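Notes follow once the structure below has been shown.
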Amino acid sequence: MTDDVIGDESSVPDLPAVRDIFSAPSQRAGSSTFLRPTDPFPDLTVLTLGDLQILHSRAARQREAEYLSLEGPHPVTLDRLEELSRILDARDHHQP
């Protein structure tokens, strides 16, 4: 089992908000790798490292796509990436 798949471990709580994020419909065909500003966003303190990494990847891909638009990156996307980075950095500093 890998820890980057939600619900693989019995010790991981069932988190409907996380399931909603990973299964949220998107306006782009097959874009489950993006995290749009309107997609739900979970409490990051309860997520596994793998789930945080997946969210960070999706938010980073969203920011890349938004940079290609005339409006530039959405403030919500930038805030989410900053928060995800802060949580990931904190976890790195607590690793032995």
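Remark: spin-label model distance Ser57-Arg86 equals 2.5 nm, labels positioned 7 Å along the Cα→Cβ axis. Across the stretch 36-52, the residues whose backbone nitrogen lies under 18 Å from the label position 7 Å along the beta-carbon direction of Ala65 are 36-42. Sorting the segments 66-77, 42-53 by their residues' average number of neighbouring beta-carbon atoms within 10 angstrom, most packed first, yields 42-53, 66-77.
Taken together, the values in this text are just the output of simple stated rules run on the coordinates, not laboratory data. Keep in mind that what you see is a predicted model, and the values were worked out from it rather than measured. Glycine gets a Cβ as well: all are built from the backbone with ideal geometry, and neighbour counts include every protein chain shown.
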